[in-house]
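**Student:** Let me begin by handing over the structure; questions about it come next.
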Amino acid sequence: MTIVNIYVDGSAINNENPNVPTLGGVGIGVWVQGHEGTHVYWNVVNDEVNDLVVTIPNGHIDMPVKLALGATTNNTTELAAIYGALEMIRLSNWEKQNDTYIIHGDSEYAGNLVFGTWRAKANKELVAKTKSLLNEVRDLGIDVTWKHVRAHADNQYNNYVDYLAKSGAYNVPHAEILTFSQFDSPIAA
């Protein structure tokens, strides 16, 4: 059995300032048996993700994904990150293998709404769509669970997807994005 760790994060810059447009981004990173698989980041435009999701573990197949967030907030981008991870699992056709997927994220809100027993008071449509995708993935016989991690702590994987989410929010060109190895290595003096 292979354990596939997927780290997710969302970012909403200027979220609290009604006078400035909110910049939204989503980051997703995959590590299989401790080795870097693939990573994606999305820019949120007009409260919607309209980009590509890649397959696990190698990212050789790109599939379009379109997801309306309702509003670009920290909570909706976190939910979109979980949705993206679930879509990667579903599209990767891994139901033929006996793998376990663990989605790690720093949003207790998003994790408990999708994987737990919390009920949505806001973002109901996005939560319902994400929970529906989780059920679809589980109906395929795929083992997928949620694990909360502390934000902005000593977890290099979570810090990397935070970097990807912010890169998505600022619409950083793909050619300028650091790989995990580059991100995690200290800069030589």
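The values are calculated or read from the model by the stated rules, or taken from the named source; none is laboratory data. The model shown is predicted, which means the values in this text are computed figures rather than measured ones. All Cβ positions, glycine included, derive from the backbone under ideal geometry; neighbour counts span all protein chains shown.
**Student:** Only residues in the range 143-166 that are touching a residue at least 12 places away in the same chain (Cβ under 8 Å) count as the first member; pair them with residues that are hydrophobic (A, V, I, L, M, F, W, C) and assigned to a strand (DSSP E or B), Cβ under 7 angstrom, at least 6 apart or cross-chain, and list the lot.
**Tutor:** Close Cβ pairs (under 7 Å, with a partner that is hydrophobic (A, V, I, L, M, F, W, C) and assigned to a strand (DSSP E or B)) amount to VAL144/ILE103; THR145/ILE102; TRP146/ILE103; LYS147/ILE102; TYR157/TRP31; VAL161/VAL8; VAL161/ILE28; ALA165/VAL26.
**Student:** Is there a residue in the range 139-147 that is farther than 22 Å from THR2 by Cα, of a type in the set (Lys, Arg) and loosely packed, with under 14 Cβ neighbours inside 10 Å?
**Tutor:** No: the range 139-147 contains no residue that is farther than 22 Å from THR2 by Cα, of a type in the set (Lys, Arg) and loosely packed, with under 14 Cβ neighbours inside 10 Å.
**Student:** Can you tell me which residues in the range 1-52 are among the charged types (D, E, K, R) and either modelled with pLDDT under 80 or crowded, with 20+ Cβ neighbours inside 10 Å (or both)?
**Tutor:** ASP9, GLU16, GLU36, ASP51 - these are the residues of the range 1-52 that are among the charged types (D, E, K, R) and either modelled with pLDDT under 80 or crowded, with 20+ Cβ neighbours inside 10 Å (or both).
**Student:** Still on this model: From the set of residues in the range 98-120 that are in a loop (DSSP other than H, G, I, E, B) and surrounded by fewer than 22 Cβ atoms within 10 Å (Cβ to Cβ), which is nearest to the chain's Cα centre (by Cα)?
**Tutor:** My answer is GLY116.
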